[in-house]
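To start, the structure under review is shown below, and the notes come after it.
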Amino acid sequence: MKLYLDSNVFISFIKEEVDKALNFRYVDSANFFALCRNEKHELIVSDLFFKEVEKIIHLNKQDVIEELVNRRNIKIYFANKKPVKEQILIIVNRYAVHFSDSVHIATAIENNAKFIITWNKKDFIKANQLINSFTPEEFLDIL
């Protein structure tokens, strides 16, 4: 199954994040990545994903590939179909989603993702008519 990966899942994993409710996000992210490896799910990553990762934790594209592909043995798929600006603006206007999140949504749809996996589900929930989003923890629970 193709899953669009929001950068915050990878960032939480690398930074070993714990949220305000003392949930060990990095553990759930690690379990999600293990499931992807074992079940042969493909993770779709985009240019925006790499930009966000580099901006927040200063890892470049090669570092991310090294971690996910070489160390974790996860199949990643580079979002080679880029949404047109009109698609993004429709999502922004119709669903009241921020521009950058609309880029993620449009990219996920354009590249045939089944779901978006994110820790910021609230950012994507308005567009659930287009594509559903799940936290890593929720995704583990539904399988």
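Residue check, Asn112 against (1) within 28 Å of Val18 (Cβ to Cβ); (2) surrounded by fewer than 16 Cβ atoms within 10 Å (Cβ to Cβ); (3) in contact with a strand residue (DSSP E or B) (Cβ under 8 Å, 6 or more places away or on another chain); (4) modelled with pLDDT of 95 or more, all met but one. Which one?
Tallying (1) within 28 Å of Val18 (Cβ to Cβ); (2) surrounded by fewer than 16 Cβ atoms within 10 Å (Cβ to Cβ); (3) in contact with a strand residue (DSSP E or B) (Cβ under 8 Å, 6 or more places away or on another chain); (4) modelled with pLDDT of 95 or more, Asn112 fails exactly one: (1).
From the residues in region 24-34 that are surrounded by 16 or more Cβ atoms within 10 Å (Cβ to Cβ) and among the aliphatic types (A, V, I, L, M), which one is nearest to Arg71 (Cα to Cα)?
Ala30
Only one of (1) part of a helix (DSSP H, G or I); (2) at pLDDT 95 or above; (3) among the β-branched types (Val, Ile, Thr) fails for Val69. Which number is that?
For Val69, the failing item is (2).
I'd like to verify a number: residues in region 72-100 that are of a type in the set (D, E, K, R), in a helix (DSSP H, G or I) and touching a Lys or Arg at 6+ places or on another chain (Cβ under 8 Å), how many?
0
Can Asn80 be described as surrounded by fewer than 20 Cβ atoms within 10 Å (Cβ to Cβ) and touching a strand residue (DSSP E or B) at 6+ places or on another chain (Cβ under 6 Å)?
Criteria not met by Asn80.
The values are calculated or read from the model by the stated rules, or taken from the named source; none is laboratory data. Just so it is clear, the model here is predicted, and its values are computed rather than measured. For neighbour counting, all protein chains shown are included, and Cβ atoms are generated from backbone atoms with ideal geometry for every residue, glycine included.
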